[in-house]
Amino acid sequence: MANGELSDHIMASIVSFYGSSEVLSYSSPQFPVDDASIVERIVKEALKETRTKLRNLLTWSAGWNGFDSLAPNPDAVLHAENWIVRLFLEVADVGLTWIQPNVIADANGDVVFEWWYGKKKLTVYIEDESAEYVQVWGTNIHSEMSNGDAEPISTCRSLWLWLVS
Amino acid sequence: MYIIPVDDVETLYRRIRHVEGLYVVQADGTVRVSSAAFSDPLFRPSVDRAELFHNDPKKAQRDPSDGVVSIVARDVRSIDTVMQNDKAGKIIQTFDVDIEHVPILNDPTLPDNPAHAEIYTNPYCPNKSVFRKLAERLAQLANERPWEIELISLSM
């Protein structure tokens, strides 16, 4: 079997057995670290739905929410595609389970990712050159919600650890 | 048209377009509204006063496919923890949350809506970061109540 076919076979087996959301949790021992193309294919497979939803945002016009929203900002969508890949790889690196995000825009044209896990919620707003998170674990805005810069990779890691712990 | 103060006991409708992502269908089949459903570029999300619509949420729809969620004015006004912090985390401003009756009449683009109102902060919300947490709380309040009009043909 040629290398390409072998990779396809392994990929298909892993995806069908574990589901795309967990592939990366099991990928580290399976593939050589330097095989970037295989990692890239896994990322593409796992984030296929998310990327499709992100690209769909580009077809929305102003007023898409039935109110006076701006159209999603194409630069924010591009940034969001890169950001979600970085987060996915970080989650894979620490061996945690991936959860598919809810994907939406907000009225300012920013991209919004949302995850719920039990009583915890993580929302990340992606603008063209920045990203901000809002952590929610209760109803009190001051003492049970927190926000900050979601660009640093160390923050992404901490946020995910918090979410799924 | 008269401006009528919003009473604490009033129900407020928020229209939810049938756009995937503004809502999430959970594993148990219940539907959760996203905090993005309360976003607004001027930090004043629109709602409709149920009382002025004779408690008919259909009047809040623009399209038959629209869903409608609701919140109660008292619960909105009870949000007393909207704050702005400096970089060190010190509180530099606190905000009240209120509802203002803003009827729409003879607008060049919008249909007349005598029940239209807006949720706002006092003082004026200074930035997205402050507003985003308020949007989370508004979505929580909506999610604590049954949908007034459920979205039709939801895909699981």
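Bear in mind that the values in this text are calculations on the coordinates, not laboratory data. All of these numbers come straight from a predicted model, not from anything done at the bench. Ideal geometry is used to build each Cβ from the backbone, glycine not excepted, and the neighbour counts take in all protein chains shown.
Which of these, B:P41, B:P103, B:P146, has the largest mean-square fluctuation under a Gaussian network model of chain B (Cα springs below 10 Å)? Comparing B:P41, B:P103, B:P146 in a Gaussian network model of chain B, the most mobile one is B:P41. For chain B, a Gaussian network of Cα nodes joined below 10 Å ranks B:Q140, B:Q84, B:Q93 by mean-square fluctuation, and the top entry is B:Q93. Peptide B:37-43 shows a mean partner chain C-beta count of 6 within 10 Å per residue C-beta.
Ordering B:P41, B:P114, B:T81 by the projection of their Cα atoms onto the charge dipole of the protein assembly as shown, which places +1 on the Cβ of Lys and Arg and -1 on the Cβ of Asp and Glu, puts B:T81 at the extreme positive end.
Restricting the GluC sites (Glu not before Pro) of the stretch A:87-165 to loop positions (DSSP other than H, G, I, E, B) with no more than 12 neighbouring Cβ atoms within 10 Å leaves A:E129.
So for B:I152, A:I141, A:I153, fewest C-beta neighbours within 10 Å to most, what's the order?
Details: B:I152 10, A:I141 24, A:I153 13.
Neighbour counts put them in this order, fewest first: B:I152, A:I153, A:I141.
Please give the Cα centre distance for the stretch A:67-112 versus the stretch B:110-148, rounded to the nearest Å. So the separation of the two Cα centres works out to 23 Å. Within the listed set B:Y13, B:Y124, B:Y23, the residue fluctuating most in the Gaussian network model of chain B (springs between alpha-carbon atoms under 10 angstrom) is B:Y124.
Could you tell me which of the pairs A:K48/A:K119; A:K119/B:K90; A:K119/B:K59; A:K120/B:K87 are separated by over 31 angstrom between their Cα atoms in the structure shown?
Working: A:K48/A:K119 27 Å; A:K119/B:K90 27 Å; A:K119/B:K59 33 Å; A:K120/B:K87 24 Å.
Violating the 31 Å Cα-Cα cut-off are A:K119/B:K59.
With an a/c value of 1.5 or above and a/b not larger than b/c for the gyration tensor axes a ≥ b ≥ c computed over the alpha-carbon atoms, the stretch B:11-143 is described as oblate.
Counting every other Cβ atom within 10 Å of each residue's Cβ, A:S154, A:S69 order from fewest to most as A:S154, A:S69.
For the stretch A:25-165, the alpha-carbon coordinates run over 50, 38, 24 Å along the three principal axes, in decreasing order.
Do you know the relative contact order of chain B, to the nearest whole percent, from alpha carbon pairs under 8 angstrom that are 6+ apart? Intermediate results must be reported in sequence, preceding the final value.
Working: 279 pairs, mean separation 47.9, N = 156.
Averaging sequence separation for qualifying contacts and normalising by length gives 31 percent for chain B.
Test of understanding: ordering B:E144, B:E20 by Cβ neighbours within 10 Å, fewest first, what list do you get? Walk me through the numbers before you get to the answer.
Details: B:E144 11, B:E20 15.
If I rank by nearby Cβ atoms, fewest first, I get B:E144, B:E20.
Relative contact order for the stretch A:58-154: what percent, with Cα pairs under 8 Å and sequence separation of 6 or more? Mind showing how you got there, number by number?
Values: 170 pairs, mean separation 21.1, N = 97.
Once divided by the residue count of the stretch A:58-154, the mean separation gives 22 percent.
Round to the nearest 0.05 the FRET efficiency obtained for B:N122 and B:K58 when R0 = 35 Å and r is the Cβ-Cβ distance.
Values: r = 32 Å, r/R0 = 0.91.
Calculated transfer efficiency: 0.65.
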